[in-house]
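> Please see the structure below; I have some questions.
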Amino acid sequence: MKQVQRKSISVPGLANGLQVLRVLEDGREKTLQEISKKLSLPKASLFRILQTLRACGYVAKDEKNNSYRVLARLVPIKMRPQTFEGALIKVLDDLALRANFSTEWHIPTEEGMELSLRSERPGGEIIVRARVGQSLKWNQAELPSPLLVGLAFTGNDPFMEGRWIFGEDGEMIDLSKKDLDCIISGIVAKGIAVDSNYNLNGVRRISVPFFNGNVFKGSISIATTYRPKLGANLDILAPLLKSAILELSRYCNLLNEESAE
């Protein structure tokens, strides 16, 4: 990584902040000491920079391990995706790298929420077997999180007899109209849907909606599988999903501006 010559820069704090982002952009969490050693920055100054980056939503801290991870990356304009699909693929790839799980993009169709794109965790075997093109039907009984997101933000009626979800203990829970109303309202309010447990294929998804302007375009999900000592830590994965949505929104805004010129 090319180091910035700080003496020739009139805003060294900004330059140092950009360097911190570049140190973290490999997706690996690093402690304050590790970042300080790489950049030869005093820990007190580095701590203030990290606090600022956290406040801006670019960096997150794991309080348990006292380590930091990046939530956004610097992309030169010449390397920026030129289409929505290109931006989406990049966002899914980056999210799979950061989350260390498969990532998915579901879009609303007449039949249901169709799996349109997927990215696998780097260097890992493919464990999530859902096929691209496969649909979660609007009228199916089981309600995984991508389908719940679709039901929450489209005109499809979620209130049908026989709907159910997996509970926290793995049991199948039948949902009343009141239960469904509470679940859908929570998704609309919080902007996230979470499977309470792993399904029969051993997959648990966490999903968030994506809007281009006011139009619901689809759902981005992290598809987690059970791995000892590496569970689906929602405190870590949920912010990564929200960050992915922000990144995709930035790309869309730039693409919209360029098409309007």
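All of the numbers you see were taken from the coordinates with simple rules; none came from a lab. Please read these numbers as outputs of a predicted model, since none were measured by experiment.
> From the convex hull of the Cα coordinates of region 78-260, what is the mean projected area in square nanometres?
Numbers: hull surface 44.1 nm².
Across all orientations, region 78-260 yields a mean hull projection of 11.0 nm².
> Rounded if a/c is under 1.5, else prolate if a/b beats b/c, else oblate: with a ≥ b ≥ c from the C-alpha gyration tensor eigenvalues square-rooted, which is region 6-70?
Numbers: a/c = 1.76, a/b = 1.56, b/c = 1.13.
It is prolate, given that a/c is not under 1.5 and a/b is the larger ratio.
> Multiply the residue gap between PHE84 and LYS61 by 0.36 nm, knock off their C-alpha separation, and tell me the result in nm, one decimal place.
Details: separation 23, 0.36 × 23 = 8.28 nm, distance 3.01 nm.
Roughly 5.3 nm would be gained on extension.
> Quick one: which residues, 5 or more positions from ARG205 or on another chain, have an amide H under 5 Å from its amide H? H modelled 1.01 Å from N in the peptide plane, none for Pro or chain starts.
SER145, ASP195, THR224
> So what are the ³J(HN,Hα) numbers for region 233-248, from phi and the Karplus equation (6.51, -1.76, 1.60; θ = phi - 60°), rounded to whole Hz, Gly and Pro as x?
6, 5, 5, 8, 6, 4, x, 5, 5, 4, 5, 5, 5, 4, 5, 5
> Now for a different question. Mind listing the long-range amide H neighbours of GLY218? Cut-off is under 5 Å, sequence gap 5 or more, other chains count too, H placed in the peptide plane at 1.01 Å from N.
Counting only residues 5 or more places away or on other chains, the set is PHE210.
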